[in-house]
Amino acid sequence: MNKTEIAAVLTEIGTLLELKGENPFKIRAYQAGARVVESLGEDELTQRIEAGTLEEVKGIGEALAQKITELHTTGRLEFFDKLAQSVPAGLIEILRIPGIGAKKARTLQEKLGIDTVAKLRAACAAGSVAALDGFGEKTQEKILEGIRNREAYDKRHLWLTAAEAAAPILAGLRKLPGVKQVESCGSLRRRMETVGDLDFLVAMTDPAPIVGWFVTQPAVKEITARGETKASVRLESGLQADLRLVPPEQFVFTLHHLTGSKDHNVQMRHRAQQRGLSMSEWGLVPAAGEGTAKEKAEHLGRKTDIRTEEQLFRKLGLAHIPPELREGLGEIEAAAEDALPPLVEEGDIRGVFHNHTTASDGHNTLEEMTAAAQALGLEYLGIADHSKSSVQARGLSEERLVAQIAEIGRLNATKKFKCHVFTGTECDILPDGKLDFDAGLLAQLDYTVVSVHSSFRQESAVMTKRIIRALEQPHVTMLGHLTGRLLLEREAYAVEVDKVIDAAIANGVVIELNANPSRLDLDWRHWRKAAEKGLLTSINPDAHGTDQLAYHKVGVGAARKGWLTKDHVLNTRPLAAMKKWLAARRG
Ligand code: DGT
Ligand code: CA
Ligand code: CA
Ligand code: ZN
């Protein structure tokens, strides 16, 4: 962590201690410590930590020095994590509302029993906050406004929504005169499932016209900050966007820094330090010698021979780490051993399973879907309309499914499309783990996806048994959206994911990576381990219309975050191999 981050943690420790009514001297020690750290030079801090002379600084005792060192080197502090856990999460959230410090938060809790933002909003609406000593009407109004703003600003956005908002801005920036390189960094570049804000980076020779162009884009609703080489705006959707402008020779360093993640950056800086280097958004410079990292970088300036991220990683003895893997989850260790996997790519996808038509709740007919899949260059399209128990989705009865199998057979026979259509179903897993269709019918299909669409509130053990029972039935090819989560809308249902993964492997069942941008289920965080155990996935768009077939590209991003290679993904197989695989699976 850098000094600003460390100071912020120390300040927060002070606030949490105050909230808990701890000894005022202790509280003040942290608050003062934060100010001292902030006043140190970044390099001085690093040097003192390395030399063990932090305690010589006035205002930093032994305990504080230890904590600062832990934060600086590991980016974490156990003491802080435990302290934060001991305070109700709602109270910590309340503290983040402007105008509420520890003292006010304690009063609210003691007098009105308020320990969540929701309770605080209700109390403000009822006027009981204004009636408290030391609050009043004005404070109450300010708190309400703070809550409303936080709700708007805190909202995260689906990756695809953010990517679509970024695309025209990226394209526009690339066309401006004097612009050398443009990239969107941050969580968008790392393909996180949700994005907090956009981070644009531009290498240029003249900043003025670029900032001017950025803040006057049609999608911009409000300019929140504007400087010579940076600007921040809020777009109509509520999404915020930052712009940073740097000289061309600095681009690669800022690109890496702004791509993150924070954890990855902390580990990279640590690796640089071990090599006597200081790594920052300014450059990669020798740690020794006079001057700040920024000054040194400017001094070295154009003499640096590092122009690409490849070269930057190589300088630290690392293979190139794709942005998707930069989460501080072992990618640096793997890159050091040249053991990063060759990640699956969009172009590897040969066809897509789990798609709906107007027969159930899709918006397009079988032929429209097939034409669209072909236009995307896909060799095959797997249809999987809902089964009869999903009444709200117009699930197919046995008769209608049999008719659809015949219809698909006729379509394939006409050879009207080069794209082959596989027959399938998205068959409900009933609350007891039985399937909505019997084995005889499933045996007539090319493939079967089984999914949970009801009784979401079952206890975890019941849900887990239910799903595993379904996986043990004959003719089950894939498990659909394992956890049922809808990003930013609905939590996953309670289920023991690891047990389900083991059961899928044991039964030769594929677990889908549902590529709908609101699902991305199973989550990327599970895939590395699951694939190592031998689990196979299929990246399924779950398209309910022709415009959603390309969702598989969003899924590829999540698969890459999960360290998956082409071999881990079933639908990278060409048509002939796919037919063979499905036939063998059917037995
Ligand atoms: P988001 O926007 O919440 O979805 O996530 P990010 O990763 O895009 O985070 P953001 O926009 O706050 O910052 C972009 C990147 O810049 C972040 O991934 C790492 C780097 N960065 C920003 N602030 C800090 C910081 O205080 N310390 C460190 N080490 N890196 C930072
Ligand atoms: Ca961001
Ligand atoms: Ca940002
Ligand atoms: Zn479904």
- Message: Can you give me the angle between helix 159-175 and the longest principal axis of the chain, using Cα atoms only, in degrees from 0 to 90, rounded to the nearest 10?
- Response: 70 degrees
- So what are the ³J(HN,Hα) numbers for region 125-132, from phi and the Karplus equation (6.51, -1.76, 1.60; θ = phi - 60°), rounded to whole Hz, Gly and Pro as x? 4, 7, x, 7, 6, 4, 6, 6
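From largest to smallest, what semi-axes in whole angstrom does the chain give when each is the square root of 5 times an eigenvalue of its alpha carbon gyration tensor?
Taking √(5λ) for each eigenvalue gives 48, 31, 24 Å, largest first.
If you stretched the chain out fully between ILE505 and ALA51, how much longer would it get, using 0.36 nm times the residue separation minus the C-alpha to C-alpha distance? Numbers along the way, then the final one.
On the way: separation 454, 0.36 × 454 = 163.44 nm, distance 5.18 nm.
Gain on extension, ILE505 to ALA51, equals 158.3 nm.
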- Listed by chain and number, the residues whose amide H is under 5 Å from that of SER278, excluding neighbours fewer than 5 places away on the same chain and using placed H, are VAL285, ALA287
- In debye, nearest 20: dipole of the chain around its Cα centre with unit charges on the Cβ of K, R (+) and D, E (-)? 300 debye
- Report the label-to-label distance for GLU368 and THR73 in nanometres (one decimal), using points 7 Å from each Cα along the Cα→Cβ vector. 6.3 nm
- Query: For LYS119, which lysines qualify as cross-link partners when the Cα separation must be under 18 Å and same-chain residues fewer than eight apart are set aside?
  - Reply: LYS103, LYS104, LYS111, LYS142
- Task: Between the alpha-carbon centers of region 376-417 and region 224-288, tell me the distance in whole angstrom.
- Result: 50 Å
- Note on the structure: The ³J(HN,Hα) series, computed from each phi in region 79-89 with the Karplus coefficients 6.51, -1.76 and 1.60 at θ = phi - 60°, rounded to the nearest Hz and given as x for glycine or proline, is 3, 5, 4, 5, 4, 4, 5, 7, 10, x, 4
- Note on the structure: Amide H neighbours of ASP436 at under 5 Å, excluding residues fewer than 5 places away on the same chain, with H built from the backbone geometry, are ASP428, LEU430
- Task: Give the cross-link partners of LYS294 among the lysines, using a straight C-alpha distance below 23 Å as the criterion and excluding same-chain residues fewer than 8 apart.
- Result: LYS3, LYS180, LYS230, LYS262, LYS303, LYS315
- Query: Projected onto the charge dipole of the chain (+1 at Lys/Arg Cβ, -1 at Asp/Glu Cβ, origin at the Cα centre), which of VAL211, GLY347, THR304 gives the Cα projection farthest towards the positive end?
  - Reply: VAL211
- Task: Working from the alpha-carbon coordinates of region 346-586, get Rg over Rh, Rh being the Kirkwood radius.
- Result: 0.93
- Query: Which part of region 510-525 falls in the paramagnetic zone of ALA118, meaning amide N under 19 Å from the point 7 Å along Cα-to-beta-carbon?
  - Reply: none
- So LEU488 and GLN66, fully extended at 0.36 nm per residue minus their Cα-Cα distance, gain in nm 148.1 nm
- Note on the structure: In nm, the gap between the two label points placed 7 Å beyond Cα toward Cβ at GLU290 and ALA339 is 4.6 nm
- Query: How much of the DSSP beta bridge set in region 346-586 is antiparallel, as a percent to the nearest 5?
  - Reply: 10 percent
- Check: C-alpha center region 1-71 vs C-alpha center region 89-148, spacing in Å is 29 Å
- Query: Taking amide H positions as placed 1.01 Å from N in the peptide plane, with prolines and chain starts having none, which residues 5 or more places from ARG226, or on another chain, fall under 5 Å of its amide H?
  - Reply: SER232
- At a Förster distance of 56 Å, what's the computed FRET efficiency of ALA413 paired with VAL462, Cβ-Cβ distance as r, to 0.05? 0.80
- Report the label-to-label distance for ASP498 and GLU110 in nanometres (one decimal), using points 7 Å from each Cα along the Cα→Cβ vector. 4.4 nm
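Every number in this text was worked out from the coordinates using simple rules, so none of it is lab data. Not measured: the values here are computed from a predicted model. Cβ: placed from backbone, ideal geometry, glycine included. Neighbour counts: every protein chain shown.
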